[in-house]
Every structure is written in structure tokens, then in C-alpha cells.
Amino acid sequence: MIEFINFYLVPGFAIGSVYALGAVGISMIFGILRFAHFAHGDLMTVGVYGVFAATVVFPVNPFLLVPVGMALAIFAALFVDKVFYQPLRKLPTIYTVISSFGVALIFRSLIQIIGGSENRVFGSGIRPPLILFDTFRLSSLHVQAVTTTAVIAVVLHIFLSKSMTGRSMRAVADDPELAQISGLDTEKVVRWTWIIGAALAAIAGVFAGLDTSAHPNLGWNLLLPMFAAAILGGIGKPMGAMAGGFIIGLAEELSSYHWIGESALISPSYKTAVAFVIMIALLIFKPQGLFKGRLL
Amino acid sequence: MSVLLEVKDLTAGYGGPAVIEGISFDVFTNEIAVILGPNGAGKSTVIKTIFSLTNVLGGSVQLDGKTITDQKTSKLVTMGVSAVPQSHNVFPNLTVDENLDIGTYAAPPVDKMATREIILGLFPDLRDKLKQPSGELSGGQRQMVAIGRALMCEPTLLLLDEPTAGLSPAYLERIFDLLLDVRKTGVTILMVEQNARQALQIADHGHVFVNGKNFISGTGQELLADENVRNSFLGGAAS
Amino acid sequence: MELTGLFFYLVSILIAGGIYSLLCLGLNIQWGMGGVFNAGIAGFFATGAYASAILTTSTSAKHIGGFDLPVLAGLLGAGIISGCVGWAVAKICIRLKSDYLAMASIGIAEILRLVIVNESWLTNGSLGLSGVPRPFAGLASGRTADIVFLVFIWVIVIAVFFFSQRLYDSPWGRSLRAIRDNEQSASAAGKDVEKFRIQTFAIGCAIMGIAGGLSAHYFRFLSPSATDPLLVTFLVWVMLIAGGSGNNRGAIVGALSIWFLWSVTEIFTNRLPPEWITRSSFVRMLLVGLLLQYVLQRFRAGIIPEKAPKLRYSEEE
Ligand SMILES: Nc1ncnc2c1ncn2[C@@H]1O[C@H](COP(=O)(O)OP(=O)(O)OP(=O)(O)O)[C@@H](O)[C@H]1O
Ligand SMILES: [Mg+2]
């Protein structure tokens, strides 16, 4: 039981929070710009390397430098939107999907050119785990990841339901034409979508990078579970995407627990396939997700 | 009576051939003007063109003497024009309150809460639905939300595309009564209507379009009395 | 000597160009004719490569088979197995809209990759398969064998090209394009849209499988890390869009010209200062990424655009 909590449940929540933060952006972009953003994982990596570069210049706790990574990811997102995606907006969205596929490659190769392709370990290496009641061994990073995500979820929810920008975003996601007729500034909404999506992607990337190590494929490897989370939560439902992230994270970790007998239910080497299978099953049987999102 | 909106020789389409051709009419300050015509006549297209949602191929639209033909839609909202489209006229996943709130973003009214109170006074049905997603309302209630949203920016000119489509006769009369109340608050209304007889009864002027062209214009009473209009649009003899 | 070196360099470019041409022709059937999105090209390519390699290598204790069959039988098997996998995938996913299909197809390619890496009874895992035979190995030896292979591969490319041309102009191809251009009215006209789309996907995957098989025979060795799945998928997309999606000639011209560009950049990046040389492949990747953006924005119709007017049942939506 203790083993289950320490090695499966808590890590499940931790990776779940990474997925949750990434999936929010994917879900919002899907809802407002109406395309699947294949460069979102690599946008995460951009954020991580931004933080990494900053730690080289200012050797302080990497958490203090997260804003640098966020700023870099936001800049990168706004830049590619302006230069690559916006000119394609009037065409069928599949062109933007293909374009984002290329942007993913551009991000990754830039990172490899500038940062090299080897693994990078952040900060001072091993951090002692938190030990509660002598039995629960929690990695402090995991606790930080989950609490940060929870706080972000609350703030984001308030932002979306109370602020003018947040409501405009939901309105554009609901009906872009009526939003235009109501005089809303859709380009501003698009900008905010990128800002929020990229900032959260950078935070998610840092948690993922601190947990293991940072490498150029970090974000790409997280992309499909994040898509799965966004679809699970229902497209255009940011809170649903958050929940979806945790569900996918837990499903991945718990699938390799030895539920029956001695051996893992599903071999850990197929862990990543769990998210894909969930995603494909959802796409087929319940494409509107668990929380009644929109179908595109 | 001064002219608020002057449409002159307006020709427009959707990228292909012109859908409306050489449409001309005037809307006077604080009146209710009605656009009539068979399905596909181009009524919605006229409304959309005034609101800069189509491709203008010729002619002009003037608001208060200023040409607005190539203003952006969002700019028109700030100039006091507000519109309710024929379908998809509420944000279904947003609550009634949020829908109304969206109406204030482009052109904030002086006192948002006061404006909201006036509108809820006009549409008391909405008062106990404020927290409900608009997608869950009845057709008539949705229409009220849509008109309410359009009124939240305190427009001088309200464009309505078939505000009574699909409503029961009782609801239809309520909406028309409401529009008379709205007019009393100083708003000019230009609306497209299929329920020609009732619409002409509350209208100051009516404009009939056929095949994208002017067919006949006149006061509500003149059109109600007109032989041609009666035969084609009012179902024969007068009541 | 310099000249023969150059000649064989050209031969190797044309061989790889032939493999990419096949991949492009396969994608053109799926996307160009059928409007069905496939972002899992590498998965079907790898499936075909392993299928053909297992069928043609000699018996080994380390993995299933080999079956020691002739190369042509191996390639046929590659086409059939990839086609069947594609058919099964399409059966499940084809109803999805393009964005969702993109996600699903990448997911499926990833699952195929995991199977190849993990199931060593089938594929010998990360150690890979060696001793994959070349066709007509008796005809020539050494470098001249490459010339034999070049001819072999282009005979197949041309055969597939004519097959695709026939498909394009057949009633089947016309219905397919009608569906691509306007799904609603095609289904209103009584076309079984889903059936057509499944068939397109399976045929395209079969061709990609043959391309995979050919690459296994060319390199004589196969391992999970031999190809960068993303790069293959991505290059093929760039090739098809640049060449002219919907046009079989365009697919081949696109494949050859982009592959040529890709190879030429290698010559330049090899001249880079030593500290940059390790990064040269990333520079090339960046260039291809930028090239795709350019093509998407300025050059969407491609080098040889589709000639046939788009088919419509009616103008009504
Ligand atoms: N978005 C559009 N794109 C292309 N053509 C359009 C579009 N909207 C309308 N049309 C065409 O313009 C013509 C006039 O349409 P419009 O909607 O203005 O008619 P209407 O008078 O409002 O009819 P109804 O009473 O049915 O609402 C029609 O022939 C229609 O096919
Ligand atoms: Mg209409």
C-alpha cells in the first residue's frame, strides 16, 4: 500500500500535473484557433531551455528563473503565430496543423543547434525527499508540481469566468462569428491564448525537466499524452483539460502497478502507449470528451 | 425627422456575384423600420452589409452623415451600431449574465449596472435565468438574451435579423411590444421580418426587397394598404 | 576517381530518392486524392521494412523466422502487411476529422515503434536484423550492385506511378476526389464515403510498406534507431506539398527535388567548422522546417499543381 502511494500514485499526480498544464494550452488553442497545435510540446522545451540558459548566467534556484522561460516561450509562440500561423488562418485548418508540425521541428532543431543535444541536469542534483509519518516519501518536486498546478487551476478558472479577457476568450471559443459581431477584438483574444498557453507550457516543461533531465525531445515526448488529456477533458474546456491531464498521468503510472499477481499489469516499456490507447479510444467512442467539449 | 442611416445604391456579395444590387433606403432617427421580402431576397445580406460583414461592390452607407461603408465591424459597435444575427445569436456556453456582459466590452456604457437594470426591466424573464447557460434557454428567451446583449452597449441603431423567427404568436407580440419599449429608450431599430402584417403595424417605414433589388418602400400603413404587397406578402385581402 | 565517386554518390541519392518517391506516391493517394491525413508515415514504413526483412532473411534463433523467401515475395508481403495494418487503423479511425486523424495516426505510429523496440521475439529488439538480402545479388558485386538496385527500385517506382495514374483517372479515383472536395454532397449522392476513405488509406499504407521493404534491402540492416520517424514523416509531407499534392508526377518531382536539396545541404554542412559539424544535421532540419513554411505560404499548389478541375456535385453546401 505504502509502495503503491509512494511509487505509483504520487508520481502519477506529478506527471499528471505536467500534462494538465500543457493540455490547458492545447485545449484553449484548439478551442479558439481551431487547430491541433503540434508544436506545443516543443514550446515546452523552449521554455525549459530558457530557464536552463538563465541558470547558467544567474546560478540561483531554477524556480526563480521560471519567468525567464515563460517569457521566452511566450515570445516564441507569439512570433510563430504572427509569422507562420496567421497567414494561414483563412485556409482549412489542416494547413495550420501541417505548419505547426514544421514549427515543432524548427523549435527542436534550434534548441539542438544552440543548446546541443545531450541531456542536461538542472541545479544541484539530488534533493532529499520529504518524509511524512516515517512512511510516505514524497519528492518535494512532486509536491511543488501538484500544488502549483492546483493554484494555477484556481487562478485560471477565476480569470476565465470573471475577467473581461477571460470571458472574451470563452466567447470566441463558443462562436467566433458572433464574437466579431459583438465587436470583440479577436486578435487580442488570440494573443492572450498564446500568452497563457505558452506560459503554462513553460512551467510544465520545467517540472518535467527538473524531474528527470532536460533534453531536446522532452516536449515532443509529452505531446501525445497532452493531446489525450485535452481530448479527454473536451476541446475548449480548459478545466476539463486539467482534469484530463491528471487522469492520463494516473492511468499511465497505475497501469504498471502489479494489480493482479506479481508482475506489472502492463509492461512499463508500454507506459507511453497507455495514453495513446486512451486517446484513440476516446476519439472513436467519445470524441466530445468527458466534459462535453466541442467537436471540431 | 432627421435621417440616421442612409443606404445609397448599395451593391454587395460574398466574394462571388452580387447578391444585392443598387439597394437604397433611409432610416429616420428613433423610428422602427422593417425590411420585408421573400426567402433569399437578400434581406440578411443588407443587414450584414451595413454591419461590414460582406464584400461591398458599390454604393455607400452613411451613419449620421458619416460614411461607414468600409469601417470594421468592431469600429461600428463603438460608433453606436449593434446587431443581432438571424441564427446563432447567443454564446451557448456562457451564462445569460455573461452574454449580457460581453455586449459591453467593445463600447462600455457609462454605467454598466444601470444599463443592465434597464435591460432586465425590459426582459424580466431573464432575471431568474442569469446564471444559466444561454444554450439551455427556449428560443424566445434566447432572442431576449441576444437583443439584450446588443442593447448593453447603448446603441443608437439596432439591427435585428428576424427577431421573431420560430416564435409562437403570443411570444411574437411580446417581442414586438418589447421593441416598442426599446424604441422609447431612444434607440432606432432596423429589422428584417417575415411576419409582415404585425411588423408593419408597429413599423414607421417598410422596405420590400425582391431578388436583391428595391421593390417598394413606404410607411407601414401605406404598405399594408398596397395591393401588390397585400397579394404577395400579406396573404391576400386585408383583415 | 573523383568522377566515379560523384557518380556513385548520385546513384545513392537516386536510390534514396526512389524510396522517398514511393512514400510520396503513397501519401499522394491518401492525402492528395483522398484528403485523408496521415502523420504516421514512419510507422507504416517501418512495418513494411520489418515485414520484408523477416520474410527474406535466413532462419535465426533470435527472432521469428526468417523465412528465406525471395526479395519480391518479401516486398509483396511488406505491401500486404502494411496495407492490412493501415486497413485496420483506418477501420477504427477514419471517421475522425483531419486534426484528430493527425493525432491518432501519430499515436499509432508510436505504438508500432514501441512494438518494434520491445517485442524482440518478433524483431530482435534494439539489436536489429542483419543480413537482409539484396535482389538479384548474383548479377553484380561491390559498388556496381548499387546500380542494379537503382534500376530495380526505379522499375518499382514507375510501376507504382502508372498504377497511381490509373487509380486517379478511374471511376474509383473520381469518386474519391469528389469526396475529398465535398464530403457532404458526395455522401448525399449515395457514395459510401467511409469505405472509399478506408480503401485509400490501406492502399497508401501498402505502398509505404513497400518503400520500407526496399530500404531494408538497400541497407541490408534494420534497427529501430535506423530512421528518425519524425524526420521521415516530415520530409515526405514537405516533398508532397512542394511537388504538388494531388498530382502523381508532382509527388515524384517533389520527392526528388527535396531529397536532392537535402543531400546537397549535407555537402555544405560537412564543410562547416568542426565544432559545428556535429550540429549540421540540426541545421538541415531547421532549413527543411523553414522550407515547409515557405511552401505552405507561397507555394501551396506545388511545382506541378493538380490539373484536373476540382470535382463538385453541386455548388450548394
Ligand atoms: N455566407 C454566404 N455566402 C455566399 N452566399 C450567401 C451567403 N449568405 C447568403 N448567401 C446568398 O445570398 C442570397 C441572399 O441571402 P440572404 O440570407 O440575404 O436572404 P434572406 O432574404 O435573408 O432570406 P431568408 O428570409 O431565408 O433569411 C441567397 O441566394 C444566398 O444563397
Ligand atoms: Mg435572412
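Okay, here's what the table says:
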{"quantity": "Selected residue (criterion: nearest to ligand 2 (Cβ to nearest atom)) from residues of segment B:37-61 that are farther than 22 Å from B:Val3 by Cβ and among the hydrophobic types (A, V, I, L, M, F, W, C)", "calculated": "B:Ala41"}
{"quantity": "Filter pass, B:Asn99 being within 14 Å of chain A (Cβ to nearest Cβ) and within 16 Å of ligand 1 (Cβ to nearest atom)", "calculated": "no"}
{"quantity": "Residue satisfying condition, being more than 19 Å from the chain's Cα centre (by Cα) and either at the interface with chain A (Cβ under 9 Å from one of its Cβ atoms) or part of a helix (DSSP H, G or I) (or both), within set C:Leu272, C:Leu256, C:Leu240, C:Leu287", "calculated": "C:Leu287"}
{"quantity": "Residues satisfying the stated conditions in segment B:126-148, i.e. touching a Pro at 6+ places or on another chain (Cβ under 6 Å) and within 16 Å of ligand 2 (Cβ to nearest atom)", "calculated": "B:Gln143"}
{"quantity": "Qualifying helices (runs of 4 or more DSSP H) (wholly inside segment C:47-132; at least 1 residues being modelled with pLDDT under 80)", "calculated": "C:98-118, C:120-123"}
{"quantity": "Output for segment A:199-213, where each listed residue is among the aliphatic types (A, V, I, L, M) and surrounded by fewer than 24 Cβ atoms within 10 Å (Cβ to Cβ)", "calculated": "A:Ala199, A:Leu210"}
{"quantity": "Exclusive hit being more than 9 Å from ligand 1 (Cβ to nearest atom) and farther than 25 Å from A:Asp185 by Cβ, set B:Asn30, B:Asn39", "calculated": "B:Asn30"}
{"quantity": "Residues located in segment B:42-58, provided they are within 16 Å of ligand 1 (Cβ to nearest atom) and assigned to a strand (DSSP E or B)", "calculated": "B:Asn55, B:Val56, B:Leu57"}
{"quantity": "Boolean, B:Ala199 is within 16 Å of ligand 2 (Cβ to nearest atom), in a helix (DSSP H, G or I) and within 14 Å of chain A (Cβ to nearest Cβ)", "calculated": "no"}
{"quantity": "Boolean, C:Ala301 is within 29 Å of C:Ser175 (Cα to Cα), at pLDDT 90 or above and more than 10 Å from chain A (Cβ to nearest Cβ)", "calculated": "no"}
{"quantity": "Test result for A:Gly12, buried (at least 24 other Cβ atoms within 10 Å of the Cβ) and part of a helix (DSSP H, G or I)", "calculated": "no"}
{"quantity": "Some residue of segment A:37-44 being within 21 Å of A:Gln144 (Cα to Cα), in a helix (DSSP H, G or I), away from every other protein chain (no Cβ under 14 Å) and in contact with a helix residue (DSSP H, G or I) (Cβ under 7 Å, 6 or more places away or on another chain)", "calculated": "yes"}
{"quantity": "Check on B:Thr78, within 14 Å of ligand 1 (Cβ to nearest atom) and within 21 Å of A:Pro176 (Cβ to Cβ)", "calculated": "no"}
{"quantity": "In segment C:98-124, the residues that are more than 7 Å from every other protein chain (Cβ to nearest Cβ), among the polar types (S, T, N, Q) and either crowded, with 21+ Cβ neighbours inside 10 Å or touching a residue at least 60 places away in the same chain (Cβ under 8 Å) (or both)", "calculated": "C:Ser105, C:Thr123, C:Asn124"}
{"quantity": "Of all residues making up segment B:85-96, the number that are more than 7 Å from every other protein chain (Cβ to nearest Cβ) and crowded, with 21+ Cβ neighbours inside 10 Å", "calculated": "2"}
{"quantity": "Of the criteria (1) within 16 Å of ligand 2 (Cβ to nearest atom); (2) in a loop (DSSP other than H, G, I, E, B), which one B:Val19 fails", "calculated": "(2)"}
{"quantity": "Cβ-Cβ under 7 Å pairs, at least 6 apart or on other chains, segment B:196-212 side without any contact (Cβ under 8 Å) to a residue 40 or more places away in the chain, far side more than 15 Å from ligand 1 (Cβ to nearest atom)", "calculated": "B:Gln198/B:Leu172; B:Gln198/B:Phe176; B:Gln201/B:Gly220"}
{"quantity": "Helices (runs of 4 or more DSSP H) wholly inside segment A:142-220 that include at least 1 residues being touching an Asp or Glu at 6+ places or on another chain (Cβ under 8 Å) and either within 14 Å of another protein chain (Cβ to nearest Cβ) or within 13 Å of A:Met28 (Cα to Cα) (or both)", "calculated": "A:164-174, A:186-211"}
{"quantity": "Scope segment B:149-188; condition in a strand (DSSP E or B) and more than 16 Å from ligand 2 (Cβ to nearest atom); matching residues", "calculated": "B:Leu157, B:Leu158, B:Thr188"}
{"quantity": "Options B:Val7, B:Val34, B:Val27: the member that is closer than 16 Å to B:His207 by Cβ, β-branched (Val, Ile, Thr), within 18 Å of the chain's Cα centre (by Cα) and within 14 Å of ligand 2 (Cβ to nearest atom)", "calculated": "B:Val34"}
{"quantity": "Pair list, Cβ < 7 Å and 6+ apart or interchain, from segment B:150-175 residues that are under 24 Å from B:Gln62 (Cα atoms) to residues that are among the aromatic types (Phe, Trp, Tyr) and at pLDDT below 95", "calculated": "B:Leu159/B:Phe51"}
{"quantity": "Flag if C:Ala73 is in contact with a helix residue (DSSP H, G or I) (Cβ under 7 Å, 6 or more places away or on another chain) and under 10 Å from C:Met208 (Cβ atoms)", "calculated": "no"}
{"quantity": "Pair list, Cβ under 6 Å, 6 or more apart: segment B:6-20 residue touching a residue at least 60 places away in the same chain (Cβ under 8 Å), other residue of a type in the set (Val, Ile, Thr) and near ligand 1 (Cβ under 10 Å from one of its atoms)", "calculated": "B:Val19/B:Thr45; B:Ile20/B:Thr45; B:Ile20/B:Val46"}
{"quantity": "Test: residue in segment C:209-221 that is at pLDDT below 90, facing chain A (nearest Cβ under 10 Å) and part of a helix (DSSP H, G or I)", "calculated": "no"}
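Let's see how each residue does on (1) closer than 30 Å to B:Leu234 by Cβ; (2) within 14 Å of chain A (Cβ to nearest Cβ); (3) within 16 Å of ligand 1 (Cβ to nearest atom):
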{"residue": "B:Leu63", "(1), (2), (3)": "no, no, no"}
{"residue": "B:Ala83", "(1), (2), (3)": "yes, yes, yes"}
{"residue": "B:Met113", "(1), (2), (3)": "no, no, no"}
{"residue": "B:Leu126", "(1), (2), (3)": "no, no, no"}
{"residue": "B:Glu136", "(1), (2), (3)": "no, yes, no"}
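The values are calculated or read from the model by the stated rules, or taken from the named source; none is laboratory data. Bear in mind that the values here come from a model prediction, so they are computed numbers and not experimental data. Neighbour counts run over all protein chains shown; Cβ positions are idealised from the backbone, glycine included.
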